[in-house]
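The values are calculated or read from the model by the stated rules, or taken from the named source; none is laboratory data. These numbers come from a predicted model, not from an experiment. We place every Cβ from the backbone using ideal geometry, glycine too, and count neighbours over all the protein chains shown. Surface areas here come from the heavy atoms of the whole protein model, side chains and all, with no ligands, DNA or RNA. Shrake-Rupley method; radii C 1.70, N 1.55, O 1.52, S 1.80 Å.
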Amino acid sequence: VDVGYFVYSATQKVPFRLEPNHGRKGGGTRVLAKGISGSFVRDVMPLCRFGSYTSRAVDINRDEGYVACISPPNSVNNFASSVAVDISLSGQVFTNFSVAFRYDEEVFVRSLHPSRGFASGGTDVQVLGGPFANSHELKCRFGTNIVNASFHDTNHISCLSPTLDQVHEVQKVSVFSMAHNPEIQTISAKSEDYVNEIHTCKTYGDGTDDLRDDEFGRGFILVAPGGSTNYPLKRATRWLRHNET
């Protein structure tokens, strides 16, 4: 007979509060469920439930006793203006406190004046847009730095710009070259066709007399690569052309 085990968990009566307890309708607000202590389950990531939508927590801190959740858009809860939030530390059983989370109207920034300032901070930036709420939670975020904002009216707030933090950049260096293309380098050597030339030299006498057309003083030279061969027909022959190539 196979035996299985079913573990009962006590109903969680863990009081907690939400910080912040409201966020934008489009979702994406990081919400901390604080005041949770002593009930975390090892190696189990808690669950967050906003209305009927459940997702895993994005972070936990057992020492400080909080669970971090990301709020979903209100469209997953029929565009409700507020929803009940409960937490499951065991991944199975949820609290039944149903802490309220309110959805805010979308806030838009229309313009900034001025739109630039010193890196040392301290620039009084006028923010126009809205609708803004007159609340101690009103903030401005410059990059990752969050500062307090001053409320003027529902369309106007102002903030002092913070000191610019050191910006860490990853410099990317790319080396480009042409695609590998094996080449065969061809070297051609070309010479004139081998030509046997017969040069006719006409001489007379011992070679010191004037050259005349005389049938008794004929000879020729065969010129070829590497040397030449003389074929005198009679007596000493004086060559008119000599080519050693």
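Applying the set (1) at pLDDT below 85; (2) assigned to a strand (DSSP E or B) to residue 175 leaves exactly one unmet item: (2).
When residues in segment 42-70 are screened for being in a loop (DSSP other than H, G, I, E, B) and surrounded by fewer than 17 Cβ atoms within 10 Å (Cβ to Cβ), 9 of them pass. Scanning segment 60-87 for residues that are in contact with a helix residue (DSSP H, G or I) (Cβ under 7 Å, 6 or more places away or on another chain) and under 12 Å from residue 36 (Cβ atoms) yields a total of 0.
Within segment 114-165, the residues that satisfy the criterion of being of a type in the set (A, V, I, L, M), assigned to a loop (DSSP other than H, G, I, E, B) and closer than 18 Å to residue 19 by Cα are 133, 138. In this structure, residue 83 qualifies as in contact (Cβ under 8 Å) with a residue 24 or more places away in the chain and open to solvent by less than 30 Å² (accessible area, probe 1.4 Å).
Of all residues in segment 120-149, those that are of a type in the set (Asp, Glu) and modelled with pLDDT of 90 or more have Cβ atoms under 9 Å from Cβ atoms of residues that are open to solvent by less than 50 Å² (accessible area, probe 1.4 Å) and not in a strand (DSSP E or B), 6 or more apart or on another chain, in 124/161. The single condition from (1) touching a Ser or Thr at 6+ places or on another chain (Cβ under 6 Å); (2) among the small types (Gly, Ala, Ser); (3) without any contact (Cβ under 8 Å) to a residue 24 or more places away in the chain that residue 158 fails is (3). On inspection, residue 76 does not qualify as open to solvent by less than 30 Å² (accessible area, probe 1.4 Å) and of a type outside the set (Ser, Thr, Tyr).
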